[in-house]
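The values are calculated or read from the model by the stated rules, or taken from the named source; none is laboratory data. Bear in mind that the values here come from a model prediction, so they are computed numbers and not experimental data. So basically every Cβ, Gly included, is an ideal-geometry build from the backbone, and we count neighbours across all protein chains shown. Note: accessible area is taken over every heavy atom of the protein model, side chains too, but ligands, DNA and RNA are not part of it. Shrake-Rupley method; radii C 1.70, N 1.55, O 1.52, S 1.80 Å.
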Amino acid sequence: MATIYLTEQGSKLSKTSKRLVIEKDGQTLLEIPEFKVERVLIFGNVQITTQAMAFLLDNGIEVSFLSLYGKYRGRLSPVESKNAQLRIHQYQKHLDNEFKVSLAKAIVHAKLHNGRELLMRYARNHPEIDFSQDKIQMEACISQIEHKQSVNSVMGVEGAAASVYFEAFGKMLRKELRFEKRQRRPPKDPVNALLSLGYTLIGNEMHSMVCAVGFDPYIGFFHGIDYGRPSLALDLIEPFRHAIIDRFTLYLVNNHILSEKDFEDTGEEGVLLNDDARKRYFAEYEKYMTKEGESNLSDAKKGFRDLFKIQAHNMHDAIIGTSTFHLYSMKD
């Protein structure tokens, strides 16, 4: 089933007969059979009719609204899951400090393992670049995790490891685009723009997944409660950040799919993809997310979206106490 990315400014999404129709200035840009739609992302100034909204809601299809440059604004969601018992368990676990610390350790361990594995894979293919000190420092951070006794101290390890990791990440970019440090709000260079957009997209997808399972997305364990922040979704995407978006960014840059000319400096919003490049980005993102591969979460090959679903259900089982929690990790 398809993800629809609506980026054509001034266009309109409507419903007619058994099709969703995208129009602009009286011209039909695209018609999509209704049974082929899984999710819709609307960027910037794109209208949606009430008939289209009713159809999407009736069929359990979420619509996410983002600024033209990818800043998340909100979502149109179908009826909330009726799994009230799960949310009660979730609230109870949030008050269980031992559980929170244990889960925070598992999340950061998986994230750091995946960052280290990405670095080592690149090093094996490019022995001319010295990653030895980066590897030693990453492993030192990983070894510290088990000794921490609070979520804040675990976050301290994650922050220290991020500094090491992103310095090494900059060495992996082979074309003209360069990266000095992680900058989010706003992104000051093309690589940060790609990372921020990618993290937004997978965060949005995980948000949808945890809601579908029945969780309260705003009650997390590693990420604390902050008004309007989907902390549980952020918890669950941590192990996927380096494994999906950082690898995807390296692929786009090192294969020259995107280059300096594909970005524009918007001032207040920072450096961002231009209109044509954004469309290419989404096409590549869809291929990347659906490509099947081996995983520690499944015996069969799965795409990343399937792994998101498995991860959310693993969290369900851990919360209600029927199993221990397993997090995605790249294979050594």
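When only residues in region 90-130 that are open to solvent by 30 Å² or more (accessible area, probe 1.4 Å) and of a type in the set (A, V, I, L, M, F, W, C) count, which is farthest from the chain's Cα centre (by Cα)? Quick ask: steps written out before the conclusion?
Step one: list which residues in region 90-130 are open to solvent by 30 Å² or more (accessible area, probe 1.4 Å), which gives 91-100, 102, 105-106, 109, 113, 116, 121, 124-130.
Of the ones still in play, those that are also of a type in the set (A, V, I, L, M, F, W, C) are 95, 99, 106, 129.
Values: 95: 26, 99: 24, 106: 18, 129: 29 Å.
Per the stated criteria, the residue is 129.
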If we scan region 67-89, do we find a residue that is of a type outside the set (Phe, Trp, Tyr), open to solvent by less than 50 Å² (accessible area, probe 1.4 Å) and over 23 Å from residue 207 (Cβ atoms)?
-> no
Does residue 281 fit the bill of being closer than 30 Å to residue 263 by Cα, aromatic (Phe, Trp, Tyr) and either open to solvent by less than 30 Å² (accessible area, probe 1.4 Å) or assigned to a helix (DSSP H, G or I) (or both)?
-> yes
Buried (at least 17 other Cβ atoms within 10 Å of the Cβ) and either among the charged types (D, E, K, R) or in contact with a Ser or Thr (Cβ under 9 Å, 6 or more places away or on another chain) (or both), is that true of residue 56?
-> no
In region 163-208, what count of residues is obtained for those that are over 29 Å from residue 39 (Cα atoms), at pLDDT 90 or above and crowded, with 21+ Cβ neighbours inside 10 Å?
-> 5
Might you let me know whether region 9-30 holds any residue that is under 26 Å from the mean Cα position of the chain (by Cα), part of a loop (DSSP other than H, G, I, E, B) and touching a residue at least 12 places away in the same chain (Cβ under 8 Å)?
-> yes
Would you mind stating whether residue 215 is of a type in the set (A, V, I, L, M, F, W, C), farther than 18 Å from residue 263 by Cβ and part of a loop (DSSP other than H, G, I, E, B)?
-> yes
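Kindly evaluate residue 331 against the criterion of being part of a helix (DSSP H, G or I), farther than 30 Å from residue 91 by Cβ and either in contact with a Pro (Cβ under 9 Å, 6 or more places away or on another chain) or not aliphatic (A, V, I, L, M) (or both).
Values: part of a helix (DSSP H, G or I): no; farther than 30 Å from residue 91 by Cβ: yes; either in contact with a Pro (Cβ under 9 Å, 6 or more places away or on another chain) or not aliphatic (A, V, I, L, M) (or both): yes.
Here the answer is no, as residue 331 does not meet what is asked.
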For region 219-237, name all the residues that are of a type outside the set (A, V, I, L, M, F, W, C), in a helix (DSSP H, G or I) and crowded, with 21+ Cβ neighbours inside 10 Å.
-> 235
In region 307-330, the residues that are open to solvent by 30 Å² or more (accessible area, probe 1.4 Å), touching a Ser or Thr at 6+ places or on another chain (Cβ under 8 Å) and modelled with pLDDT under 90 | none
Only one of (1) under 22 Å from the mean Cα position of the chain (by Cα); (2) of a type in the set (S, T, N, Q); (3) surrounded by fewer than 17 Cβ atoms within 10 Å (Cβ to Cβ) does not apply to residue 64, and that is (3)
Is there any pair with a first residue in region 174-189 that is closer than 21 Å to residue 71 by Cα and touching a residue at least 60 places away in the same chain (Cβ under 8 Å) and a second that is hydroxyl-bearing (Ser, Thr, Tyr) and surrounded by 12 or more Cβ atoms within 10 Å (Cβ to Cβ) whose Cβ atoms are under 7 Å apart and which are 6 or more apart or on different chains, and what are they?
-> 187/196
